[in-house]
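These notes concern the structure reproduced below.
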Amino acid sequence: MGNLRSVSKALEHVAPSKHVIVTSHAEDILRAERVVFPGQGAMPDCIRELDARDLRDAVKYAANNKPFLGICIGLQMLFEHSEEGDACGLGLIKGEVKKFLPSHMVMQDPQTQAPIKLKVPHMGWNEVHQTKKHAVWAGIQDGARFYYVHSYYVTPAEKSIAVATTDYPTPFTCAVASENIFAVQFHPEKSADVGLQLLTNYL
């Protein structure tokens, strides 16, 4: 679903002794020690491509049984349903994927108090506020800035799985952790040193 090369290069950089492969073959996913599911684009396209390549079962197996890192669409597709194209996700995490509403994208300028209209998609660097301790946050300061490109955000039914939020302009869940799954809305592979630290911690 795009962005695969930059993710694989970032993983190779932080784990030069590991064999990193980009694949669309179920048998590779089933053999892998760990699985990273990155992506950017539209949720309906993501699910359609998974099914067209007979990858749905392999990805679900990996998400249930291996250390699994979801990035951007790789977070959203874990959920039950997305407002983007009225698409059904993999249903591994209860909850919805919602669209940023333009009517809610207004904040006050802290100096002038004038209204500022925020853009959708949410694009650029933003602070990540850690709401729960997790091994993947090791060495990453609370409030560190990560890079985002998205128009939709997840709303977990079980609030306990949320491990970080970002404000745009109000808080939304930007990272979840459930057993062997850790998934983020931002792009660690585009987030300089803190992103590389997150990938190192995951590995």
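Which angle between 0 and 90 degrees, to the nearest 10, do you get for helix 4-14 versus the longest principal axis of the chain when only C-alpha atoms count?
That works out to roughly 80 degrees.
If you average the sequence gap of Cα pairs under 8 Å that are 6 or more apart and divide by the length of the chain, what percent do you get for the contact order?
About 21 percent, as a whole number.
Kindly provide the trypsin sites (Lys or Arg not before Pro) of region 96-203 that DSSP labels as loop, not H, G, I, E or B, and whose Cβ sees at most 16 other Cβ atoms within 10 Å.
Loop-located and lightly packed - Lys119, Lys132, Lys133.
Do you know the Lys pair count in region 1-138 for C-alpha distances under 20 Å, with sequence separation 8 or more or different chains?
Lysine pairs meeting both conditions in region 1-138 amount to 9.
Which one of Cys46, Ser160, Gly124 is farthest out on the positive end of the charge dipole of the chain, using unit charges on Cβ (Lys, Arg +1; Asp, Glu -1) and the Cα centre as origin?
With unit charges placed on the Cβ atoms, the residue in question is Gly124.
Counting other C-beta atoms within 10 Å, and keeping those with at most 14, which DSSP coil GluC sites (Glu not before Pro) do you find in region 1-64?
The qualifying sites are Glu33.
Can you give me the relative contact order of region 122-203 as a percent, contacts being Cα pairs under 8 Å and 6 or more apart?
Once normalised by length, the contact order is 32 percent.
Expressed in nm², what is the orientationally averaged projection area of the convex hull enclosing the Cα positions of region 75-161?
7.2
Note the angle between two axes, namely the Cα long axis of helix 192-202 and the longest principal axis of the Cα atoms of the chain, as a number of degrees from 0 to 90, rounded to the nearest 10.
That works out to roughly 50 degrees.
Of the options Ser178, Ser8, Ala87, report the single residue whose Cα projects farthest towards the positive end of the charge dipole of the chain (beta-carbon charges: Lys, Arg +1; Asp, Glu -1).
Towards the positive end, the residue furthest out is Ser8.
Heavy-atom accessible area per residue, the chain, 1.4 Å probe: how many Å²?
I get 51 Å² per residue for this part.
Under a point spin-label approximation (7 Å from Cα along Cα-to-Cβ), what is the Asp45-Asp57 distance to one decimal in nm?
Inter-label distance under the simple model: 2.8 nm.
Hey, got the dipole for region 13-86? About the Cα centre, +1 on K and R Cβ, -1 on D and E Cβ, debye to the nearest 20?
Roughly 460 debye, rounded to the nearest 20.
Helix 56-65 versus the longest principal axis of the chain: what is the Cα-based angle in degrees, 0 to 90, to the nearest 10?
It works out to around 80 degrees.
So, with a 1.4 angstrom probe, what is the percent of accessible area on the chain that is carbon and sulfur?
After summing per-atom areas, the C and S share lands at 51 percent.
So for region 1-84, what are the equivalent ellipsoid semi-axes in whole Å, largest first, each being the square root of 5 times an eigenvalue of the Cα gyration tensor?
Here the semi-axes work out to 21, 15, 11 Å.
Would you calculate the volume per residue, in Å³, of the smallest convex hull containing every Cα atom of region 51-107?
About 106 Å³ per residue, rounded to a whole number.
What nm distance separates the two modelled labels at Ser8 and Ala157, each placed 7 Å from Cα along Cα→Cβ?
3.6
The values are calculated or read from the model by the stated rules, or taken from the named source; none is laboratory data. Since the model is a prediction, treat every value here as computed from it, not as a measurement. Ideal geometry is used to build each Cβ from the backbone, glycine not excepted, and the neighbour counts take in all protein chains shown. Calculation scope for accessible area: heavy atoms of the full protein, side chains included, ligands and nucleic acids excluded. Shrake-Rupley method; radii C 1.70, N 1.55, O 1.52, S 1.80 Å.
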